[in-house]
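The structure appears right after this line, and notes come after that.
The values are calculated or read from the model by the stated rules, or taken from the named source; none is laboratory data. Predicted, not measured: the structure shown is a model, and the values here were computed from it. Here Cβ is always computed from backbone atoms with ideal geometry, including for glycine, and neighbour counts include all displayed protein chains.
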Amino acid sequence: MKVPLKDIYEDLNFATDRLSTQVRSLVLGILALVWAFLSGTKDVLPLKIGASKAPLVLIGGICIFTLVLDLLQYMCFYLSANRVRLRAEAAKADTAEYDEHSGIRRLQRFLFWAKQFTTLGAAAWLLTLILVTVW
């Protein structure tokens, strides 16, 4: 089935937006669990992971770092789009094109993938701690 390139661009925009939304949701959920395990209330027993709470603190740190990666990715996106807009306006052009090889676009792509991997890493580490503690 052939699909117009315009539709593929729309699909990619939709997918990357959804991935970013899922990253934020998962990271905030992990942070909430980490906080609950660290604080240990009457409703949530503290996660017993040995004498040190360092693994939970590190997982929380990874989550905060992931949110910073997300912010930086969107800042790069803004800077890239604004640069293209300014060039198009200066040339009095109706259309413009991103330079996919520019440093800012490469950084944007790197940050997108970095936040996916840090999220998956934090989630896997927390799940491992929970499973090891339960068994």
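Scanning the stretch 95-135 for residues that are within 17 Å of the chain's Cα centre (by Cα), without any contact (Cβ under 8 Å) to a residue 60 or more places away in the chain and farther than 15 Å from LEU19 by Cα yields a total of 5.
Among the residues of the stretch 84-132, those identified as within 21 Å of ASN13 (Cα to Cα) and of a type in the set (Asp, Glu) are GLU97, ASP99, GLU100. GLY103 meets each of the listed conditions (1) modelled with pLDDT of 95 or more; (2) surrounded by 13 or more Cβ atoms within 10 Å (Cβ to Cβ); (3) small (Gly, Ala, Ser) apart from (2).
Can you give me the number of residues within the stretch 17-27 that are more than 10 Å from the chain's Cα centre (by Cα) and surrounded by 12 or more Cβ atoms within 10 Å (Cβ to Cβ)? Even if it seems obvious, please write down each step before you answer.
Step one: list which residues in the stretch 17-27 are more than 10 Å from the chain's Cα centre (by Cα), which gives 17-18.
Retained after the next criterion (residues that are surrounded by 12 or more Cβ atoms within 10 Å (Cβ to Cβ)): none.
Residues meeting the conditions: 0.
Among the candidates LEU38, LEU47, LEU69, the residue that is at pLDDT 95 or above and surrounded by 13 or more Cβ atoms within 10 Å (Cβ to Cβ) is uniquely LEU69.
On the given criteria, is ARG87 among the basic types (Lys, Arg), farther than 24 Å from ARG18 by Cβ and touching a Ser or Thr at 6+ places or on another chain (Cβ under 9 Å)? Step through it out loud before you land on a result.
Details: among the basic types (Lys, Arg): yes; farther than 24 Å from ARG18 by Cβ: yes; touching a Ser or Thr at 6+ places or on another chain (Cβ under 9 Å): no.
Criteria not met by ARG87.
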